[in-house]
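Read-outs throughout are calculated quantities, based only on the coordinates presented, and are distinct from any laboratory measurement. From a predicted model like this one, the values you see are computed outputs, not experimental measurements. Cβ sites come from the backbone with ideal geometry, for glycine too, and all protein chains shown count toward neighbours.
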Amino acid sequence: MIKQTLLGEFLHEAENTRKLLKAIPDSALDFKPSEVNWTTAQLASHIAEVYNWFEYTFNQDVFDMGTYVYDKGDISKAENIVAKFEENVSKAQHAIEISDESSYFNEWKMETNGNSIFPPMPKIQVIRSFLYNHLYHHRGELVVYLRSTGNKVPGLYGPTADDKF
């Protein structure tokens, strides 16, 4: 039952992420709101990458960032970021579908070469915060980036100011 709920939310929100990533024009990829922020390309690539973490979170009890390797590909074109997202979202959906619901309350931890990055917690808490909420947070940032570059924002939870009523 928990798996079906998580999968339903995942599928709905992956579609929202897809709409948002597809709204990025190449002309906005180099924009960053300040020196400490990522560029639009880096932020969008990170959003795509988070979907790559689902397998490590749903189907393992330890995620070792010290051995984690990820090829973000060429992020100089928005279509490449969308393609990487599509690749990762497919793997993420599969990870949820094959996950063992009885493991959702196992202790889960993220490490770097044996050192905890943050305190261990139940896997279900990590799924909701580290995966789902993390994505929503960064999508919100991306909306601001799109607005700041004069681009339209797709409706995620209803119409936006760009939609005609």
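Restricting the trypsin sites (Lys or Arg not before Pro) of the stretch 57-165 to loop positions (DSSP other than H, G, I, E, B) with no more than 14 neighbouring Cβ atoms within 10 Å leaves Lys77, Lys152, Lys164. Residues considered: Ile124, Ile98, Ile75. Largest GNM mean-square fluctuation over the chain, using C-alpha springs under 10 Å, is found at Ile98. Restriction of the chymotrypsin sites (Phe, Trp or Tyr not before Pro) in the stretch 65-161 to DSSP coil positions whose beta-carbon has at most 13 other beta-carbons within 10 angstrom yields Tyr68, Tyr70, Phe105, Tyr157.
Note on Lys84: lysines with a C-alpha under 16 Å away, same-chain residues under 8 apart excluded, are Lys19, Lys22, Lys72.
The candidate values are (1) 46, 36, 25; (2) 40, 37, 30; (3) 59, 30, 30; the one derived from this structure for Cα extents along the principal axes in Å carries the label (1). Averaging the sequence gap over all C-alpha pairs within less than 8 Å and six or more residues apart, then dividing by the number of residues, gives the chain a relative contact order of 29 percent.
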